[in-house]
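The values are calculated or read from the model by the stated rules, or taken from the named source; none is laboratory data. Remember, predicted model here, so these are calculated numbers, not experimental data. We place every Cβ from the backbone using ideal geometry, glycine too, and count neighbours over all the protein chains shown.
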């Protein structure tokens, strides 16, 4: 099968969507399928290259994701002729994928990670006009008649159906997650605890990019409330991709100063993915204070190493979480503080971990492709 992916970002850019499409694309290649991926060209990347068998073609778009929606159309139209099926995702890869597919008469599938319609003011720091524009653009994407809408969680599918998408076209395929990497690798938090003098401290660890939907400001606001109950409390906060979120990063730094919690909160530099587990295992409590979450990779990473987690009830988190955890309402510093204090007292939910094998995800996607191709050939 010839599969064409259209994604606004791909390696070396690394986020939840990139994890999904890297594993799908490379997994399909290993099964004997041919995969070409059209993406945005980032600074320092090649125009064309093969990555683990995937033919990656990058489009210049003046370093903006929005221009990619237009700049990618000619290449997508060219490669759509070769493809048996076209797969894309929200947001900026969707329009060129749909246009190229329809011009060539091919099936096109949209993966939906999160639906932010009527939520932009809550989950971003955009101004009122910008939120209105993005809300309209998102609606336009979903109103394009894709042949199938693949949602990464039941929560996302529920949100998609609320805006009028045909239930027969919307299905759930959970993202894959390599739990073996986390529960079989020999992580050791000793060096981390020694480096930051945590021997006698109750330590919480939180990590991720400082995007507005991640809710780190509420965690910082919770710190003084936690210290009242746990004087020997320390928060390790690892923020990644700070160069892409400079204003948000500076705002969090300023909040630490304003709250006078410099002695309690330690900003630690981001580390390679295979070293992250040493920080997770070093902590007594893990915290994911998200205010929006399509699938929740951080949540699964945390609970897979066996540490108690405090996280929120947003999106897919209640759907995918297992292990030791406390769920609290989002955008609520007091609730986060109480959840962390509960973990310190040994109070948390304890349920079996949930598994999301990549093999199952790939099989589900291939079944969608094959069904659509078969249906089209019969028409």
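Residue-wise test of (1) part of a helix (DSSP H, G or I); (2) touching a residue at least 12 places away in the same chain (Cβ under 8 Å); (3) closer than 30 Å to residue 322 by Cβ.
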site: 122; (1), (2), (3): yes, yes, yes
site: 130; (1), (2), (3): yes, no, no
site: 135; (1), (2), (3): yes, yes, no
site: 150; (1), (2), (3): no, yes, yes
site: 175; (1), (2), (3): no, yes, yes
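Could you tell me which residue of region 349-362 is surrounded by the most Cβ atoms within 10 Å (Cβ to Cβ), considering only residues that are touching a strand residue (DSSP E or B) at 6+ places or on another chain (Cβ under 8 Å) and not in a loop (DSSP other than H, G, I, E, B)?
349
Residue check: is residue 158 at pLDDT 95 or above, assigned to a helix (DSSP H, G or I) and surrounded by fewer than 21 Cβ atoms within 10 Å (Cβ to Cβ)? It would help to see each step written out before you state the result.
On the way: at pLDDT 95 or above: yes; assigned to a helix (DSSP H, G or I): yes; surrounded by fewer than 21 Cβ atoms within 10 Å (Cβ to Cβ): yes.
Spelling it out, residue 158 is indeed at pLDDT 95 or above, assigned to a helix (DSSP H, G or I) and surrounded by fewer than 21 Cβ atoms within 10 Å (Cβ to Cβ).
Identify all residues within region 179-197 that are modelled with pLDDT under 95 and crowded, with 16+ Cβ neighbours inside 10 Å; write none if there are none.
Correct list: 179, 182, 187, 189.
Can you find even one residue in region 98-105 that is outside the structural domain of residue 245 (by TED's automatic domain parsing) and assigned to a loop (DSSP other than H, G, I, E, B)?
Within region 98-105, one or more residues are outside the structural domain of residue 245 (by TED's automatic domain parsing) and assigned to a loop (DSSP other than H, G, I, E, B).
Can you work out which of the residues in region 2-21 that are at pLDDT 90 or above and not in a loop (DSSP other than H, G, I, E, B) is nearest to residue 41 (Cα to Cα)?
Here the residue is 6.
Could you pull out every one of the strands (runs of 3 or more DSSP E) wholly within region 22-90 that has 2 or more residues that are free of Cβ contacts under 8 Å to residues at least 12 places away in the same chain and under 30 Å from residue 360 (Cα atoms)?
Correct list: 48-51.
Just to check your reading of the model, which residue among 78, 34 is touching a strand residue (DSSP E or B) at 6+ places or on another chain (Cβ under 9 Å) and more than 30 Å from residue 115 (Cβ to Cβ)?
Answer to the check: 34.
Being in a strand (DSSP E or B) and either within 23 Å of residue 120 (Cβ to Cβ) or more than 21 Å from the chain's Cα centre (by Cα) (or both) is the filter here; which residues of region 203-235 pass it?
Selection gives 203, 204, 208, 233, 234, 235.
Which residues, counting only those in region 216-250, are out of contact with any helix residue (DSSP H, G or I) (no Cβ under 6 Å at 6 or more places or on another chain), farther than 18 Å from residue 298 by Cα and surrounded by 17 or more Cβ atoms within 10 Å (Cβ to Cβ)?
Residues satisfying the conditions are 223, 227, 234, 245, 248.
Looking at residue 76 and the list (1) surrounded by fewer than 18 Cβ atoms within 10 Å (Cβ to Cβ); (2) modelled with pLDDT of 95 or more; (3) over 22 Å from the mean Cα position of the chain (by Cα), which single condition is not satisfied?
Tallying (1) surrounded by fewer than 18 Cβ atoms within 10 Å (Cβ to Cβ); (2) modelled with pLDDT of 95 or more; (3) over 22 Å from the mean Cα position of the chain (by Cα), residue 76 fails exactly one: (1).
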